[in-house]
Amino acid sequence: MFNNTIFKVSMLAAAVTMAGCANDEGTPVIPPPPADEALVIIDDGATGSFTLKVGYAPDYQKTELAKDGTYDQAGLKVSPSANGEEYVWEVETFGNGEAYFIVGSDTQMDMTDYQAGIYVFDLNVTNATASGNYAHQIVMQTSGGATDYLDRNTYYFGQDQLADLEGEGWKTITVPVSCLSADENGNFDITKVNEVFRLDIRNESVTYELGTVKLEKDATMSPEGAVEWTCG
């Protein structure tokens, strides 16, 4: 797990400067942090100025969770956990359709500075049987479209990638933002993002813990020893 002290400070600064920023249409937009800093999405279980929402299909509801919140339904269980002194999220899916874990905002975010960047997140997989399924997704999504599930950029990854991590303890995973592809019928706009990090597990029973999640602006900022999930 990496040191997050500097990122906590940058999140506070972003929250303080949020008010009054808007795009050309007058819609409030969350400003990105300074060019030399990462955007922290989850730190010590908290999401800063973002919100955490979870749910599963076919219910398709999005339930907001506070840092100490829990969610326990037929297709998905989410609960607080711990890794030493750090607070993390434990997520258990049960193989019924799509189970999603979303961090975002009702306010549009301009993510242009991150389009050449990289997701960096800490993951501990405790259950994931290999199956060949290649339908899991990491998503960045635009708000305001008529069909929101089309207005996203998506990185598809496989159940076998999770199975390779089962029982290996905490690993840092990286995914280049450039590896997220847009739906050809969609209307993704990186200047109007509302879901900055969405992790979907589809049609599989998986148990994982999720720690720190951040976005680096430079795709070369992959930590030493990280498991690099690449395009294709």
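Observations on the structure shown:
- Region 48-98, relative contact order [Cα under 8 Å, separation at least 6], %: 29
- Computed over Cα pairs, the Kirkwood radius of region 99-186 leads via Stokes-Einstein (0.692 mPa s, 37 °C) to a diffusion coefficient of 225 µm² per second.
- Over region 76-128 - Rg/Rh using Cα atoms and the Kirkwood inverse-distance radius: 1.03
- Peptides 79-91, 106-118, 44-56, ordered by how many other C-beta atoms sit within 10 Å of their residues on average, highest first, read 44-56, 106-118, 79-91.
- Straightening the chain between ASP189 and ASP113 buys 26.1 nm, computed as 0.36 nm per residue apart minus the Cα-Cα spacing.
- With coordinates expressed along the principal axes, the C-alpha atoms belonging to region 108-148 extend over 37, 26, 16 Å, beginning with the largest.
- Average silhouette area of region 54-105, convex hull of alpha-carbon atoms, in square nanometres: 3.8
- Taking only alpha carbon atoms, region 76-232 gives an Rg to Rh ratio of 0.95, where Rh is the Kirkwood radius.
- D_trans [Stokes-Einstein, Kirkwood Rh over alpha-carbon pairs] for region 51-159, 4 °C, 1.567 mPa s, µm² s⁻¹: 82
- Projecting the alpha carbon convex hull of region 140-180 along each direction and taking the average yields 3.9 nm².
- Qualifying chymotrypsin sites (Phe, Trp or Tyr not before Pro) for region 129-232 [loop in DSSP, other Cβ within 10 Å: at most 13]: TYR134
- The value of relative contact order for region 118-165, using C-alpha pairs under 8 Å at least six residues apart, is 46 percent.
Readers should treat all values here as calculations from the given coordinates under stated rules, not as data from a laboratory. Small disclaimer: the values here were computed from a predicted structure and weren't measured. No Cβ is skipped: glycine too gets one built from the backbone with ideal geometry, and neighbour counts run over all protein chains shown.
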